[in-house]
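Below: one structure, written as structure tokens.
The values are calculated or read from the model by the stated rules, or taken from the named source; none is laboratory data. Please read all numbers here as calculations on a predicted model, not as lab measurements. Cβ placement follows ideal geometry from the backbone for every residue including glycine, while neighbour counts extend to all protein chains displayed. To get the accessible areas, we keep the full protein, side chains included, count just its heavy atoms, and leave off ligands, DNA and RNA. Shrake-Rupley method; radii C 1.70, N 1.55, O 1.52, S 1.80 Å.
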Amino acid sequence: MSVVNSCICLKLRMIARTTAVLYDAALQPTGLNAAQFSALRNIYRFVPLGVSQLADVMLLERTTLTRNLKLLASKSLVELRVSEVDQRIQIPALTDAGIETLKAAVPKWRLAQRRLLGGLGTAGWNEILTTLRAAAALNEQAPRRLYVMSHDAEGFDETDRTSDSVDFQRCANSTFRGAARYITREYDAILRPEAIKSTQFHVLATVAENRNVRVQDIATLLALDQASATLAINGLKRLKWIEKARKPSVGLSLTPAGLRTFEAATPLWLKAQRSRMPDAALSRWNGILDKALVAALKAKAL
């Protein structure tokens, strides 16, 4: 069984990376990227949550959210207020500039959303959400995400929206990123006895399954940017799990230690694959995620 062609964790991460590029490009005129937009949107929607609570809602590590908040605060879009109940808790809130930036960003976000979901169609998107719900990989803490201020400066009332229309308005980028983070944590936990993380395992699998593979090939196969692929490969070189052949015509290969690690981790990866669903369901999941990845790639190319 090919890890690269069948790993649920890897496919979700690839879709999340691809959609992030799509949304980043759409939001670029506002000075925000997809992660920053998501932070502004959720702060607006969930005031007054503390940083830890907001991280839980967004399925983020607290350190990751804190880093994004510091960047937004440096742009004067967010301010951190001390809780009146507990002075140890910081509560992020949008500044006036943050609200105006969010207003300007929502139409850009909608453009990316239409490009992606237009390729999937209502039935395709609902199928993805149903699949993620079945795997408990869908963030249901915030089913009514922020779609405010898209029609006028006062925002709009969400109460008359049906569950179906709310699902169709759910941010696809945040959905895939949240699902990828959730599933990655599960895979990482199961792979832990071999002291390897899912990202490292995916790179080892790519090298093992593709003869003479190069850095750019790995970046393409795993939907990574060149810098991220290089960083991952250099980390594995330091562990002496992969090496570059001396001949210029030959690419990367596994070292004996890398091959042993890959072979020892593969049964654990299979356990992670089957931890939530039987093989028949895995095949169906792969088909659904393949369609989503194709739609994301086509939307990114528009």
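Of note:
- Helix axis angle, 198-209 relative to the chain longest principal axis, alpha carbon, degrees: 40
- Neighbours of Asn286 by Cβ distance under 11 Å: Lys/Arg scored +1, Asp/Glu scored -1, total +1.
- Between Gln216, Gln273, Gln36, the GNM of the chain built on Cα springs shorter than 10 angstrom shows Gln216 fluctuating the most.
- The simple Förster model, with R0 at 51 Å and r as the Cβ-Cβ distance, assigns Glu79 and Arg260 a FRET efficiency of 0.50.
- Extreme residue, positive dipole direction of region 1-148, given options Leu132, Met58, Met14 (C-beta unit charges): Met14
- Mean ellipticity per residue at 222 nm, deg cm²/dmol - from DSSP H runs of n ≥ 4 across the chain, formula -39500 (n - 2.57): -21500 deg cm²/dmol
- Leading residue at positive end of dipole, region 176-302 (Cβ point charges), from Val213, Leu224, Leu268: Leu224
- Residues with amide H under 5 Å from that of Ala135, placed H, sequence gap 5 or more: none
- Multiplying the residue separation of Lys70 and Leu270 by 0.36 nm and removing their Cα-Cα distance gives an extension gain of 68.1 nm.
- Within the accessible area of the chain (1.4 Å probe), percent carbon and sulfur: 54
- In a DSSP loop and with at most 11 other Cβ atoms within 10 Å, the GluC sites (Glu not before Pro) in region 37-130 are Glu84.
- Only the Cβ atoms of Lys and Arg (+1) and of Asp and Glu (-1) were treated as charged; on that basis the dipole of the chain about its Cα centre amounts to roughly 1200 debye.
- Annotation: extensible slack from Arg192 through Ala227 equals 10.1 nm (criterion: 0.36 nm per residue apart, minus Cα-Cα distance).
- Against the chain, whose longest principal axis comes from its Cα atoms, helix 226-238 is set at around 50 degrees.
- Added length on full extension, which subtracts the Cα-Cα distance from 0.36 nm per residue, Asn126 to Ser6: 41.0 nm
- Surface exposure of region 178-302, expressed per residue as accessible area with a 1.4 Å probe, stands at 54 Å².
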